[in-house]
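Structure, as structure tokens:
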Amino acid sequence: MNGVKIMRFSAILIIAVLLLVACAKTSDEEQIEETISAISAAVESKQFSALQAHLHEGFRANDQMDARQVKQLLAACGQWRSSG
């Protein structure tokens with residue numbers, strides 16, 4: 001009888017831990033919202049270098065600029081802003 005109680009308690013404990021772990025993770029939607037907020041804040045404060053971390057290497061802007069070129073442009077804008 002004690003073995004059954006221990007098994008039940010163990011099963012409940014495992015389920016509780018799994019539920020807590022699942023609830024602790026942020027959803028994809030929350031991660032996207034956080035990223036958009038960070039990008040918006042960087043644009044509004046004109047901290048162009050902060051945007052570079054959010055550009056994927058496969059990024060293309062209007063089929064003309066790749067991620068490397070956009071990062072160079074953002075760096076130039078940041079340098080121009082800090083010197084002006």
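The values are calculated or read from the model by the stated rules, or taken from the named source; none is laboratory data. Nothing here was measured: the structure is a model prediction, and the numbers come from that model. Note that each Cβ is placed from the backbone with ideal geometry, even for glycine, and that neighbours are counted across all protein chains shown.
Does residue 12 count as of a type in the set (A, V, I, L, M, F, W, C), at pLDDT 85 or above and surrounded by 10 or more Cβ atoms within 10 Å (Cβ to Cβ)? Against the criterion (of a type in the set (A, V, I, L, M, F, W, C), at pLDDT 85 or above and surrounded by 10 or more Cβ atoms within 10 Å (Cβ to Cβ)), residue 12 does not qualify. Among the residues of the stretch 37-52, the one identified as more than 19 Å from residue 76 (Cβ to Cβ), among the hydrophobic types (A, V, I, L, M, F, W, C) and without any contact (Cβ under 8 Å) to a residue 12 or more places away in the chain is 41.
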